[in-house]
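**Q** Here you go, one structure.
The values are calculated or read from the model by the stated rules, or taken from the named source; none is laboratory data. Just so we're clear, the structure is a prediction, and the values are computed from it rather than from any experiment. We place every Cβ from the backbone using ideal geometry, glycine too, and count neighbours over all the protein chains shown. Remember, those area values only see protein heavy atoms, side chains included, never the ligands or the DNA or RNA. Shrake-Rupley method; radii C 1.70, N 1.55, O 1.52, S 1.80 Å.
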Amino acid sequence: MKTTTQLPLPTHFDASRVGELWRVPYQERATQAKQWAKIHHIAPAAQDKKRICLMAIDVQNTFCIPGFELFVGGRSGIGAVEDNIRLCEFIYRNLGQITEIAPTMDTHTTLQIFHADFWVNDAGDNPAPMTTITLAEVEQGVWKVNPAVSYSLAHGNYVVLQAYALHYVKRLSDEGKYPLTIWPYHAMLGGIGHALVPAVEEACFFHTLARNSQTNFEIKGGNPLTENYSVLRPEVLDGPSGQAIAQKNTRFIQKLLDFDAVIIAGQAKSHCVAWTIDDLLTEIQQQDPTLAQKVYLLEDCSSPVVVPGVVDFTDAADAAFQRFADAGMQIMRSTDTLS
């Protein structure tokens with residue numbers, strides 16, 4: 001993207017607090033946002049000749065605040081915090097060019113297929129967080145559906161739920177997706193981890209009022225019978241007999257493609273970000289491969305999953321971004337300016 005005049009950072013933004021929890025002072029920021037728009041002659045988003053969407057993927061406390069359930073540290077150890085400082089600065093400096101901000105919200109309840117209580121072994125124990133459950137283990141009965149959860153998830157029909165679980169892990173294996181991972185309870189609906197990081201929430205709120213453009217929240221992950229790394233489609237769409245259990249987010253896909261440019265940031269680069277971009281690229285290649293050129297990947301506002309001494313997805317994330325670039329998507333940094 002070429003150059004245009006960037007705005008200064010508003011005085012309320014404090015980079016030192018981006019990794020902390022606090023309450024956004026809405027009324028004060030609302031007044032300041034209106035004043036900011038007048039001072040800097042920021043027009044309503046409806047007047048934009050070039051419509052730009054910023055999709056901020058899963059910038060939630062559960063992934064972005066140190067000490068929370070799935071904090072994305074990257075190799076630096078504080079990756080998500082550093083990313084969000086840059087993301088907030090990007091929003092404020094380009095307030096007059098960003099037409100709409102679309103934060104995606106990973107959203108979970110307790111009894112879901114990727115949470116521990118869904119599964120048991122012969123001893124009645126649940127798998128530990130970060131356990132990988134393979135197709136072979138389900139076929140051999142190493143891990144089975146917890147009979148107790150069938151009350152809530154299958155109207156008490158344990159046989160149906162067990163058959164679905166086998167189908168699920170087989171579908172993941174057949175389609176070359178990540179095997180089923182038991183994630184720590186995270187992004188729990190109604191919990192503090194589900195909320196946007198305060199500094200990012202504040203920036204979105206400020207943008208909404210300065211530009212009269214509603215923040216477009218996109219919810220994902222609420223289906224108990226499938227993972228949903230990507231906001232555009234769940235990992236598995238059907239049951240054992242071919243019946244639909246979920247569907248692509250066709251409405252949001254088309255909404256994104258209707259913008260003149262889509263900028264993507266968020267967490268985690270190796271999982272929900274990469275999966276979402278991959279699904280968007282699939283849709284683009286089916287419609288018109290040249291549309292990839294209007295997708296910009298904000299590479300310094302996204303970090304991969306790294307658990308020191310256990311797993312490091314950095315190389316896989318970088319390889320995915322290179323593949324996206326090879327397909328025509330454009331890599332940019334938060335210090336680049338928009339036109």
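**Q** Within the range 101-123, can you find the residues that are crowded, with 19+ Cβ neighbours inside 10 Å, under 20 Å from residue 169 (Cα atoms) and β-branched (Val, Ile, Thr)?
**A** 113
**Q** How about the range 205-223: which of its residues are surrounded by 23 or more Cβ atoms within 10 Å (Cβ to Cβ) and out of contact with any Phe, Trp or Tyr (no Cβ under 6 Å at 6 or more places or on another chain)? Before you say what the answer is, go through the steps one by one.
**A** At the first step, the residues of the range 205-223 found to be surrounded by 23 or more Cβ atoms within 10 Å (Cβ to Cβ) are 206-207, 210-211, 220-221.
Selection gives 206, 207, 211, 220, 221.
**Q** Moving on to the next point. Check off (1) surrounded by fewer than 21 Cβ atoms within 10 Å (Cβ to Cβ); (2) at pLDDT below 95 for residue 285 and give me the number that stays unchecked.
**A** It is condition (2) that residue 285 fails.
**Q** Wholly within the range 119-180, which helices (runs of 4 or more DSSP H) include no fewer than the required count, namely at least 2 residues that are of a type outside the set (Ser, Thr, Tyr) and free of Cβ contacts under 8 Å to residues at least 40 places away in the same chain?
**A** Passing ranges, in order: 135-139, 158-174.
**Q** Filter the range 71-90 for residues that are in contact with an Asp or Glu (Cβ under 9 Å, 6 or more places away or on another chain) and not in a helix (DSSP H, G or I); which is most open to solvent (accessible area, probe 1.4 Å)?
**A** That would be 75.
**Q** Any idea which residue in the range 143-178 is nearest to residue 109 (Cα to Cα), counting only those that are open to solvent by 60 Å² or more (accessible area, probe 1.4 Å) and of a type in the set (Val, Ile, Thr)?
**A** Within the range 143-178, the match that is nearest to residue 109 (Cα to Cα) is 160.
**Q** Going through the range 1-55 one residue at a time, which ones are open to solvent by 80 Å² or more (accessible area, probe 1.4 Å), over 28 Å from residue 329 (Cβ atoms) and polar (S, T, N, Q)?
**A** 11, 16, 27, 35
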